[in-house]
């Protein structure tokens, strides 16, 4: 695994091999990441990366958030409560020398603390088929982590329906990975 493009292009990220099934880690393959970022930066969504605050839920190695940082995001918050994931994220932050722009929260992505600043771009890559993605999005929304109009990039084993408070934009398939693109509704909901 490596950073595909941007200011840190070519930096090799900490190796995990084919993943860590026990820790539910399965890094997004370089080719999938490259296709995904090409789609995001292809103009249809403006430039969701430049200057963004990125929230990387179920971050694993942190590769998605760190790729966004390399491509112009202002800062990244990674969230993963796994011991192995925490070690890999710390190693990757050190390799890229971006500790001043990345915060790692070691907590359950479905039980987030209150945000200090909402994110405009959210990567959501939960363990497949466990129903955790919707719960993590609900927690992030309730705790103020997702700005109105934020772009959500949700990886799963199947396309995902848009939860309440989000509008569907697109779905894409990369082998066994389905990516659902959502936007947080601009209309504030009183509840």
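Just so you know, all these numbers are worked out from the coordinates, no wet-lab data involved. Only a predicted model underlies this, so the values are computations on that prediction, with no experimental measurement involved. When we count neighbours, we look across all protein chains shown, and the Cβ atoms used for this are built from the backbone with ideal geometry, even at glycine.
Under a Gaussian network description of the chain, with springs only between Cα atoms under 10 Å, the residue in 155, 164, 91 that fluctuates furthest is 164.
Distance between the 7 Å Cα→Cβ label points at residue 90 and residue 135: 2.7 nm.
Please give the FRET efficiency for residue 143 paired with residue 100, using the beta carbon to beta carbon distance and R0 = 30 Å, rounded to the nearest 0.05.
0.80
Here the stretch 21-184 carries DSSP beta bridges of which approximately 45% are antiparallel, counting only pairs with both residues inside. From helices alone, the chain scores -7000 deg cm²/dmol at 222 nm; the rule is -39500 (n - 2.57) for each run of n ≥ 4 DSSP H residues, then divide by the residue total.
Please compute the length gained on full extension between residue 111 and residue 170, using 0.36 nm multiplied by the number of residues separating them and subtracting their Cα-Cα distance.
Numbers: separation 59, 0.36 × 59 = 21.24 nm, distance 2.70 nm.
Once the chain is fully extended between residue 111 and residue 170, it gains 18.5 nm.
GNM on the chain, alpha-carbon springs under 10 angstrom: the most fluctuating residue among 93, 146, 11 is 11. The C-alpha atoms of the chain define a longest principal axis, and helix 30-40 lies at about 40 degrees to it. What separates the Cα centres of the stretch 135-191 and the stretch 71-98 is a distance of 22 Å.
Using the Kirkwood radius over Cα pairs, work out the Stokes-Einstein diffusion coefficient for the chain at 20 °C and 1.002 mPa s, in µm²/s as a whole number. Intermediate values should be presented prior to the final figure.
Values: Rh = 16.3 Å.
The Stokes-Einstein estimate is 131 µm²/s.
For the stretch 62-161, the alpha carbon positions stretch 37, 29, 24 Å along the principal axes, listed from largest to smallest.
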